[in-house]
Amino acid sequence: MVMIPVQKAANNMKIQFKNDVWSIVEFAHHKPGKGGAVVRLKIKSLTTGRVLEETLNASEKIDQVEVAYRKMAYLYHDGDHYVFMDNQTYEQVQVSEEMMDDKARFLIENLEVTIVLWDDKIIGVDLPAKVDLKVVETMNAERGNTATNVTKDAKLESGFVAQVPLFINTGDVVRIDTRDGAYESRV
């Protein structure tokens, strides 16, 4: 860890604050007419996802931390853990269901993810922005249902149920945005 003046904060900088690791989402240096300058930070916890807004005196120092990112492939779900493998070292790691949260709904075998480490502890899993998943079950579209933006449920190979256009059929591969689960396109 390196102590730096809060004035040198930058977006996406990782800091240790209140016994947690945070990523700076936004920062603003503010000099009111009276009193000393302050720095307003919007920070997001890398472990819980919680977002805080903090105001610090410009003279304060913060702990900048280094986090490591490792590309790993998803292997399988084992009880209450998800198992990932480093493609270079073949080392396997387990990530708890609590840490995966709703990201698990997009996992399929061999999907490459980014594991976030701090002090050799896993503090997060970043999925790719979009994933391609095969439709395993959906109802057939009925002729005449051609109103604009009509969608139907489609169960994907990961188990996630997405809203897709009527022309999507069982066996098609669709691109899904992992941030909100929205259908992007047919692949």
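The values are calculated or read from the model by the stated rules, or taken from the named source; none is laboratory data. Everything numeric here is computed off the predicted structure, so don't read it as measured data. So basically every Cβ, Gly included, is an ideal-geometry build from the backbone, and we count neighbours across all protein chains shown.
Among the listed residues THR55, THR47, identify the single one that is free of Cβ contacts under 8 Å to residues at least 60 places away in the same chain, outside the structural domain of ILE122 (by TED's automatic domain parsing) and hydroxyl-bearing (Ser, Thr, Tyr).
Working: THR47 fails: free of Cβ contacts under 8 Å to residues at least 60 places away in the same chain.
On inspection, the qualifying residue turns out to be THR55.
May I ask you to list the residues in segment 6-36 that are surrounded by 13 or more Cβ atoms within 10 Å (Cβ to Cβ) and either not in a strand (DSSP E or B) or not assigned by TED's automatic domain parsing to the domain that holds ALA58 (or both)?
Correct list: VAL6, GLN7, ALA9, MET13.
Just need a number here: residues in segment 123-142 that are surrounded by 14 or more Cβ atoms within 10 Å (Cβ to Cβ), modelled with pLDDT of 90 or more and of a type in the set (A, V, I, L, M).
Count: 4.
Please count how many residues of segment 53-97 are of a type in the set (D, E, K, R), part of a strand (DSSP E or B) and over 18 Å from the mean Cα position of the chain (by Cα). Spell out how you get there, then give the answer.
Pass one, segment 53-97, residues of a type in the set (D, E, K, R): 53-54, 60-61, 63, 66, 70-71, 78, 80, 86, 91, 97.
Next, only the ones that are part of a strand (DSSP E or B) stay: 53-54, 61, 63, 70-71, 78, 86.
Now drop any that are not over 18 Å from the mean Cα position of the chain (by Cα), which leaves 53-54, 61, 63, 78, 86.
Of the residues in segment 53-97, 6 are of a type in the set (D, E, K, R), part of a strand (DSSP E or B) and over 18 Å from the mean Cα position of the chain (by Cα).
Just to be sure before I move on: is ASP102 in a helix (DSSP H, G or I) and either exposed (fewer than 12 other Cβ atoms within 10 Å of the Cβ) or over 21 Å from the mean Cα position of the chain (by Cα) (or both) in the structure I sent? Quick ask: steps written out before the conclusion?
Working: in a helix (DSSP H, G or I): yes; either exposed (fewer than 12 other Cβ atoms within 10 Å of the Cβ) or over 21 Å from the mean Cα position of the chain (by Cα) (or both): yes.
When the stated conditions are applied, ASP102 passes them.
Could you tell me whether segment 164-185 includes any residue that is hydrophobic (A, V, I, L, M, F, W, C), in contact (Cβ under 8 Å) with a residue 40 or more places away in the chain and within 26 Å of SER23 (Cβ to Cβ)? Write out each step before concluding.
Of segment 164-185, the ones hydrophobic (A, V, I, L, M, F, W, C) are 164, 166-168, 173-174, 176, 182.
This time we only want the ones that are in contact (Cβ under 8 Å) with a residue 40 or more places away in the chain, so: 173-174, 176.
Retained after the next criterion (residues that are within 26 Å of SER23 (Cβ to Cβ)): 176.
The answer is yes; a qualifying residue exists.
Considering every residue within segment 143-160, establish whether at least one is within 30 Å of GLN16 (Cβ to Cβ) and either in contact (Cβ under 8 Å) with a residue 60 or more places away in the chain or surrounded by 13 or more Cβ atoms within 10 Å (Cβ to Cβ) (or both). Quick ask: steps written out before the conclusion?
At the first step, the residues of segment 143-160 found to be within 30 Å of GLN16 (Cβ to Cβ) are none.
No; the residues of segment 143-160 include none that is within 30 Å of GLN16 (Cβ to Cβ) and either in contact (Cβ under 8 Å) with a residue 60 or more places away in the chain or surrounded by 13 or more Cβ atoms within 10 Å (Cβ to Cβ) (or both).
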